[in-house]
Amino acid sequence: MASPKIAAVRGMNDLLPAQAPLWEAFETAAVRMLRGYGYAQIRTPILESTALFRRGIGEVTDIVEHEMYTFVDSLNGESLTLRPENTAGVVRAAIEHSLLYEGPCRLWYMGPMFRHERPQRGRYRQFYQLGAEALGLAGPDVDAEQVLMLKRLWQALGLSGLRLELNTLGQPPERARHRGELIRYLEQHEDRLDEDARRRLHSNPLRILDTKNPAMQDLVAGAPRLLDYLGEASLAHFDRLQQLLRSAGIEFTVNSRLVRGLDYYNLTVFEWVTDRLGAQGTVCGGGRYDGLIELLGGKPAPACGFSIGIDRVIELMGDGPAAGARPDCDVYVVHQGGATLESALQAAERLRDAGLDVIVHAGEASLKSQMKRADASGAVYAVIVGEREAAEAVASVKALRAVDASAPFAVQQPVALDRLGPTLAGAVRQRPVASQ
């Protein structure tokens, strides 16, 4: 009797080979973009002390209250948590290793995060984020630059239809004054609050403004606006940010109800959103968190950053120009086994020396069967090594996707092994885009 199958943990998905090309395309474009703006990579542990997130994210946030994967280390009794986000971890590392000692720094990270949420499209319990953090920089110029970075990335990925929403949360004393008025307003209409809003009324009332409950929209629309409680400096920061974005040709909407779900934000908050992913429309979010470094034990320093939900971006890419299947290889090598396999392996190494991706057919099969596999691989060319080719130190080359009869190797031709790599590398580079 066969053993029962073991499935993946709910909400923690496998990345299959067919999906990998989109992830690779995203990672390549994102890393190129980040380097272009002077950001250096940092890698922090997936496991952190639970205290880091309780202090950094906020005790009364949904993440800390309901969504963290937390356990007690049986060896030393320490409470540990799988990271639900990584800004707190990056700030912890910057403090611990004195990264700000010589001045501001720009850092980026990429990897898995974990939240115990109800799995649905675009929302998983293990999900992936790419984030950037600019530490030690205070002005709205940095906020604007990060928005420009993201706009450039969307263009590089061929994504359209993403909208930028922008808001300011001011400074903690300004939020405190607004908070008191907001609670008083909501208490007057408590009978209209849903269960979630009642729970947040005295712990995190600002989050009520971000409710998606249709029955509460009129109530929220009439609530006191945080913008009306901001001081001159906060308003000047927000006005300058908007001016910089407009001058750069960035379209945006000011959304006074945009608050984000983490307590550490102040001043700028922003989100890039789409209508193409249903309820999970936020693709990227970020803003300024000038108090977090001090809150986690460092010397006071300003900071600004963002994180991208990679899983959601991949879904958008799957509907766009990047969705075309990437070939498994540039060249597929077929052979007749025996001594021809030795020549085939040598030919493949020469092709790889020239920078090509190569698959050598594994096992024994008829030439016709191997050519079917070569075509299915998406390869541009098949390299055929039979007994005659092996004896003459050549390989026959056949284009699998020739545009017309005049294209290189549209008709099968022999090429000397010592010229095989450079010849095919040049042919692959020169091949018309329409034939790919």
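Rounded, prolate or oblate: which fits region 139-231, taking a ≥ b ≥ c as square roots of the Cα gyration tensor eigenvalues, rounded meaning a/c under 1.5, else prolate when a/b beats b/c?
Working: a/c = 3.27, a/b = 1.71, b/c = 1.91.
Since a/c reaches 1.5 but b/c is at least a/b, the shape of region 139-231 is classed as oblate.
Using Cβ counts within 10 Å as a stand-in for footprinting exposure, how do LEU295, LEU107, LEU351 rank, fewest first?
Numbers: LEU295 16, LEU107 21, LEU351 27.
Taking fewest neighbouring Cβ atoms as first place, the list is LEU295, LEU107, LEU351.
State the three equivalent ellipsoid semi-axes of region 167-217, derived from the C-alpha gyration tensor as the square roots of 5 times its eigenvalues, in descending order and whole Å. If you can, show how the numbers build up before the last one.
Values: eigenvalues 76, 31, 15 Å².
Taking √(5λ) for each eigenvalue gives 20, 12, 9 Å, largest first.
For the chain, what does -39500 (n - 2.57) per DSSP helix run (n ≥ 4), summed and divided by total residues, give at 222 nm, in deg cm²/dmol to the nearest 500? If you can, show how the numbers build up before the last one.
Details: 14 runs with 153 residues, N = 436.
Rounded to the nearest 500, the figure is -10500 deg cm²/dmol.
Can you give the relative contact order of the chain as a percent, counting alpha carbon pairs under 8 Å and 6+ residues apart?
On the way: 732 pairs, mean separation 64.2, N = 436.
Relative contact order comes out at 15 percent.
Over region 331-428, what relative contact order in percent results from Cα pairs under 8 Å that are six or more residues apart? The partial results should precede the final answer.
Details: 165 pairs, mean separation 30.8, N = 98.
That works out to 31 percent.
Please state the charge dipole magnitude for the chain, taken about the Cα centre, from unit charges on C-beta atoms (+1 on K and R, -1 on D and E), reported in debye and rounded to the nearest 20. Walk me through the intermediate numbers first.
Values: 49 positive and 54 negative charges, 102 e Å.
Roughly 480 debye for the chain.
Give me the angle, in degrees from 0 to 90, between the Cα long axis of helix 87-96 and the longest principal axis of the Cα atoms of the chain, rounded to the nearest 10.
It works out to around 90 degrees.
In vacuo Debye scattering of region 331-428, one point per C-alpha: log10 I(q)/I(0) at q = 0.12, 0.17, 0.20, 0.22 Å⁻¹?
-0.31, -0.65, -0.92, -1.13
Less than 11 Å Cβ to Cβ from ASP228, Lys/Arg counted +1 and Asp/Glu -1: what total charge do the surrounding residues give? Mind showing how you got there, number by number?
On the way: positive: ARG177, ARG225; negative: GLU174, GLU181.
My count for the surroundings of ASP228 gives 0.
Taking the Cβ of each residue in ARG92, ARG207, ARG373 as the centre, tally the other Cβ atoms inside 10 Å and list the residues starting with the fewest. Before the final figure, lay out the partial values.
Numbers: ARG92 23, ARG207 19, ARG373 16.
Ordered by Cβ neighbours within 10 Å, fewest first: ARG373, ARG207, ARG92.
So what's the angle, to the nearest 10 degrees on a 0 to 90 scale, between helix 232-247 and the longest Cα principal axis of the chain?
30 degrees
Relative to the longest principal Cα axis of the chain, at what angle does helix 172-188 sit, 0 to 90 degrees, rounded to 10?
Result, in degrees: 70.
Given Cα pairs under 8 Å that are at least 6 residues apart, what percent is the relative contact order of region 327-387? Please report the intermediate quantities before stating the final value.
Values: 98 pairs, mean separation 35.3, N = 61.
Rounded, it is 58 percent for region 327-387.
Sum up the charges of everything whose Cβ sits under 14 Å from the Cβ of ARG10, counting Lys and Arg as +1 and Asp and Glu as -1, but leave ARG10 out.
Values: positive: ARG115, ARG118, ARG123, ARG125; negative: ASP14, GLU117.
Neighbour charge sum, excluding ARG10 itself: +2.
Which of ASP73, ASP14 comes first, and how do the rest follow, when ranked by fewest Cβ neighbours within 10 Å?
Numbers: ASP73 10, ASP14 6.
Going from sparsest to densest Cβ surroundings: ASP14, ASP73.
Under unit Cβ charges (Lys, Arg +1; Asp, Glu -1), what dipole magnitude, rounded to 20 debye, does region 331-428 have relative to its Cα centre? Intermediate values should be presented prior to the final figure.
Numbers: 9 positive and 11 negative charges, 56 e Å.
Once rounded to the nearest 20, the dipole reads 260 debye.
Looking at (i) 32; (ii) 49; (iii) 41, which value of percent of Cα pairs over 33 Å apart comes from a calculation on the structure shown?
Evaluating percent of Cα pairs over 33 Å apart on these atoms matches (ii).
Consider just the alpha-carbon atoms of region 4-133 and return their Rg together with their Dmax, both in angstrom.
16.7, 57
Any read-out appearing in this document is the output of simple, stated calculations on the displayed coordinates, not a laboratory observation. Keep in mind that what you see is a predicted model, and the values were worked out from it rather than measured. FYI the Cβ positions are ideal-geometry reconstructions off the backbone, even for glycines, and counts take in every protein chain you see.
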